[in-house]
Amino acid sequence: MSTAMNFGNKSFRPRPPDKGSFPLDHFGECRAFQETFMRCLRESSFDSSRCRLQSKEYLQCRMDRQLMAKEPLEKLGFKDLMEEPKENES
């Protein structure tokens, strides 16, 4: 006797991943930031830790133009690059 598995009633609905997938920049809205970031990577032998400022600016451009979901930059690992609010000196 053979048993047949019937999965016909269930349908698979693909969904995009929570992170790591976002629309392409078809109109080149952030191309200058991307090129600056890529140039930094080439000049630093692809050591991404040396290009964190350029990476932050590129991701900020993408978020500003709705090419990726808005996320606090602190959550993306740029907390140390965020500007501290300046205190008024009296």
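Return yes when Glu57 is part of a helix (DSSP H, G or I), charged (D, E, K, R) and under 12 Å from the mean Cα position of the chain (by Cα) and no when it is not. It would help to see each step written out before you state the result.
Details: part of a helix (DSSP H, G or I): yes; charged (D, E, K, R): yes; under 12 Å from the mean Cα position of the chain (by Cα): yes.
So Glu57 passes the test.
Kindly indicate whether Met82 is at pLDDT 75 or above, on the phi < 0 side of the Ramachandran plot and more than 12 Å from the chain's Cα centre (by Cα).
Here the answer is yes, as Met82 does meet what is asked.
The values are calculated or read from the model by the stated rules, or taken from the named source; none is laboratory data. The model shown is predicted, which means the values in this text are computed figures rather than measured ones.
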